[in-house]
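**Q** What follows is a single structure, and I will ask about it in a moment.
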Amino acid sequence: MQAMPGHAAGDMSGMRLAMADGLELYVRDWPLPGAHGAVLLVHGLGEHCGRYDALADWFRGRGYAVRSYDQRGHGRSPGRRGALSHEDDLLNDLAAVYRHYAGAVPHAPLLLGHSMGGLVALRAVLDGRVSTPALVLSSPALRAHTPTWLQRLAHGLARFVPALPLHNGLPASGTSHDPRVVAAYRTDPLRTARITPRLADFIFRAGPSCIADAVRLDVPTLLLAAGSDCLVDPSGSRDFAAAARGTGRLTARFFDTLYHELFNEAEPGRSQVLKQLDDWLSATRP
């Protein structure tokens, strides 16, 4: 694995990080001299790490250095849009990026994943691919609104036409109550609306497997879920919270009226979410 500099306009720090299969992911840092901690952010389906400037600044204001990356087939990273070569590509990528970041900072990074990124982060932690001191899940894609018959169709297509380009069907209007966020999401040139059967099948299967494995959760975890989410089904988060209750490791907070992108919500919702995150970080910090 090799890191190569490659700054993009407007970036505080950017580089390319080569994965085991040779694909070079775009990685971005929001550094902080003298930071007392570090955070690795994992973005959701169709988006990219550049949408996390405000959240990164919020963490930096609390003493954390921040890194994020564009998952393969997303943003500035190469690869067919919304496609995977192997079903565990995203898990292997996260493990490699986390390992590289952990070797570059003095404190083991906490891990924060949003939507599909939350699913990838949780599955990687449950599998032991990533060993993090703390985990934050924002609207994790643990269950889809997609009908069962379409999920079965995706599974079949993944066997025969795994890279078939399809529309992901995610409504921009469901991202946030803030019209500025919705407008920016719609016009973002780095966003992709593509998904392929192999990636869809990974999402549809990994979510239920995380719920089934919730009793194995052994990392302090904060679950933040939007009750009015039309991009992922929040009942998946509720079932995961119920299944993980006995571990004593999970703190769950549900925001019944908020939409999918909790950290990009209109006020006062955004501040309410960040207050819960701030309180939890203070309580879990060594």
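The values are calculated or read from the model by the stated rules, or taken from the named source; none is laboratory data. Because the structure is predicted, anything quoted here is derived from the model rather than measured. FYI the Cβ positions are ideal-geometry reconstructions off the backbone, even for glycines, and counts take in every protein chain you see.
**Q** Residues Arg198, Arg186: which one is touching a residue at least 24 places away in the same chain (Cβ under 8 Å), part of a helix (DSSP H, G or I), more than 17 Å from the chain's Cα centre (by Cα) and more than 27 Å from Pro133 (Cα to Cα)?
**A** Checking each option against the conditions leaves just Arg198.
**Q** Can you go through Ala244, Ala225 and tell me which one is surrounded by 16 or more Cβ atoms within 10 Å (Cβ to Cβ) and under 19 Å from the mean Cα position of the chain (by Cα)?
**A** The unique qualifying residue is Ala225.
**Q** Next question. Identify all residues within region 15-41 that are assigned to a strand (DSSP E or B), small (Gly, Ala, Ser) and over 20 Å from Pro106 (Cα atoms); write none if there are none.
**A** Kept after step one, since they are assigned to a strand (DSSP E or B), are these residues of region 15-41: 15-18, 24-30, 37-41.
Next, only the ones that are small (Gly, Ala, Ser) stay: 18, 37-38.
The one that is assigned to a strand (DSSP E or B), small (Gly, Ala, Ser) and over 20 Å from Pro106 (Cα atoms): Ala18.
**Q** Take region 230-286 and flag every residue that is part of a helix (DSSP H, G or I), in contact with a helix residue (DSSP H, G or I) (Cβ under 8 Å, 6 or more places away or on another chain) and of a type outside the set (Gly, Ala, Ser).
**A** The answer is Asp239, Phe240, Thr247, Leu262, Phe263, Asn264, Arg270, Val273, Leu274.
**Q** Under the condition of being surrounded by fewer than 24 Cβ atoms within 10 Å (Cβ to Cβ) and of a type outside the set (Lys, Arg), which residue from region 60-72 is farthest from Ala18 (Cα to Cα)?
**A** Checking each candidate, the answer is Gly61.
**Q** Here is a follow-up. Please specify each residue of region 30-59 satisfying the condition of being of a type in the set (Phe, Trp, Tyr), in contact with a strand residue (DSSP E or B) (Cβ under 6 Å, 6 or more places away or on another chain) and over 18 Å from Leu90 (Cβ atoms).
**A** Selection gives Trp30, Phe59.
**Q** Looking only at region 42-65, count every residue that is under 19 Å from Ala121 (Cα atoms) and either assigned to a helix (DSSP H, G or I) or at pLDDT below 95 (or both) and tell me the total.
**A** Going through region 42-65 one residue at a time, the tally reaches 7.
**Q** Can I ask one more? Taking Ala193 and the conditions (1) closer than 22 Å to Arg143 by Cβ; (2) surrounded by fewer than 22 Cβ atoms within 10 Å (Cβ to Cβ); (3) in contact with a helix residue (DSSP H, G or I) (Cβ under 8 Å, 6 or more places away or on another chain), which numbered condition does it fall short on, given that it satisfies the others?
**A** (3)
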